[in-house]
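One structure is given below, encoded as structure tokens.
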Amino acid sequence: MGDPHGIGIVGLGAISAQYLATIESHPLVKIVAVADLNESRAREVAAETGAEAVTVDQLVDDPRVDTVLNLTIPAAHADIALRAIAAGKHVYGEKPLAATFGEAERVVEAARAAGATVGCAPDTVLGTGIQTAREAVDAGRIGTPTAATATMIAPGHELWHPNPDFYYAEGGGPLLDMGPYYVTSLVHLLGPVVSVSGAAGRSRDVRTIRSGPRAGERIPVTVDTHVTGILEHAGGALSTIVMSFEGLTTEAPPIEVQGTEGSLAVPDPNHFDGEVTLRSLGREGSVALPVSAGYAEAGRGVGLVDMLRADPDRPARADGALGLHVLEVMTAVLDSAAAGKRLEMTTSVERPSLVPLSERGAWTG
């Protein structure tokens with residue numbers, strides 16, 4: 001895709017600092033333009049990176065920009081992506097690919113028609129945690145995979161977030177907020193999903209903000225805050241996911257993969273690393289597996305670097321097709337819960353290739 005590759009960043013909120021830490025000095029990348037509704041923030045980042053602070057329209061039209069890094073809020077993901085694609089740019093964006101499955105389909109189709117590449121977070125799954133577990137599955141360490149569980153239980157963002165409204169409005173909720181990390185990991189580990197069944201509910205229709213200047217303010221809850229789904233993978237394994245703002249985190253591993261010969265405890269997919277433990281049939285206890293795959297010491301933005309290094313023989317591992325499939329899985333779980341019936345997927349993806357163990361000096365140089 002060119003070396004160095006011109007990047008324009010739209011959206012400079014809290015997550016942008018993590019991306020900048022990964023890509024700012026990478027030899028494949030040159031940040032040439034930045035844009036944000038907060039103009040002073042844009043000028044600040046421009047001064048730090050040597051980029052130019054511009055408007056979104058100027059950034060999208062800038063001939064120096066090869067790829068737009070889209071770090072806006074989910075509601076703006078599709079609009080920015082479509083504008084960038086129409087201007088002849090590639091796009092890499094934060095999760096989810098778009099606020100709705102229909103919008104995400106339009107982004108992927110527009111990119112296909114334009115010959116553009118689309119990438120999508122999360123890229124945490126490319127770190128040593130999920131990839132070491134993936135290598136163990138591929139090596140047959142647990143025999144034939146039969147099932148998995150993925151669990152995220154928290155009491156709710158109103159306890160710590162000063163403006164938690166989005167998490168309880170349409171497009172929010174625990175599944176669309178945290179589900180991309182878990183569902184993407186399950187696809188890496190077990191392959192694409194062919195059907196889903198879901199159930200969902202909520203304990204209350206109002207929550208009270210507990211911190212910040214709005215403490216004590218009551219906000220409406222218009223989405224379900226406890227979601228359970230059963231995912232049937234193309235290979236036959238069944239995954240059960242629980243995404244909830246209705247309790248406290250348990251001591252169960254965030255993800256556990258079961259097989260005919262053993263099981264794997266997999267670390268938090270919201271992080272890049274973490275210990276993977278193996279329990280084998282007929283053996284006492286669990287053993288920690290040595291790190292065997294993934295980008296070591298990775299940070300957010302490694303998916304963009306991976307995309308820039310992709311070629312026809314090794315497609316991007318955090319690409320738009322995967323983002324689209326994951327979004328369909330999540331929205332289908334919610335639709336299934338509302339309809340009370342099992343739903344078939346309309347999309348599928350190739351399981352992304354394993355990331356060979358790559359020390360930080362190798363992938364950042």
Only residues in the range 321-332 that are at pLDDT 95 or above count as the first member; pair them with residues that are of a type in the set (S, T, Y), Cβ under 7 angstrom, at least 6 apart or cross-chain, and list the lot. L322/T184; L324/T347; H325/T347; H325/S348; V326/T184; E328/T346; E328/T347
Just to be sure I understand, how many residues within the range 126-157 are part of a strand (DSSP E or B) and either at pLDDT below 95 or surrounded by fewer than 22 Cβ atoms within 10 Å (Cβ to Cβ) (or both)? 5
Of (1) of a type outside the set (G, A, S); (2) assigned to a loop (DSSP other than H, G, I, E, B); (3) surrounded by 19 or more Cβ atoms within 10 Å (Cβ to Cβ), P162 fails just (3)
Sort out which residues of the range 330-347 are among the hydroxyl-bearing types (S, T, Y) and out of contact with any Gly (no Cβ under 9 Å at 6 or more places or on another chain), and write them in order of number. T331, T346, T347
Looking at the range 63-103, which of the residues that are over 18 Å from L308 (Cα atoms) and polar (S, T, N, Q) is surrounded by the most Cβ atoms within 10 Å (Cβ to Cβ)? T72
Answer yes if at least one residue in the range 38-47 is part of a loop (DSSP other than H, G, I, E, B), modelled with pLDDT of 95 or more and acidic (D, E), and no otherwise. no
Top-ranked residue in the range 27-53 [being touching a Gly at 6+ places or on another chain (Cβ under 8 Å) and not small (G, A, S); ranked as nearest to F272 (Cα to Cα)]: P27
The one condition L248 fails out of (1) under 26 Å from A139 (Cβ atoms); (2) surrounded by fewer than 15 Cβ atoms within 10 Å (Cβ to Cβ); (3) in contact with a strand residue (DSSP E or B) (Cβ under 8 Å, 6 or more places away or on another chain) is (1)
I'd like the full set of residues that are loosely packed, with under 13 Cβ neighbours inside 10 Å and farther than 25 Å from T67 by Cα, limited to the range 307-358. A338, A339, G340, K341, E344, T346, P356
Near pairs, Cβ below 6 angstrom, 6+ apart or cross-chain, from the range 199-221 (under 24 Å from A339 (Cβ atoms)) to any residue that is polar (S, T, N, Q) and in a strand (DSSP E or B): A199/T228
If you go through the range 4-19 one residue at a time, how many are assigned to a helix (DSSP H, G or I) and crowded, with 21+ Cβ neighbours inside 10 Å? 2
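The values are calculated or read from the model by the stated rules, or taken from the named source; none is laboratory data. Here the structure is a predicted model, which means the values were calculated and not measured. Because the Cβ atoms are built from the backbone with ideal geometry, glycine has one as well, and the counts that use them run over all protein chains shown.
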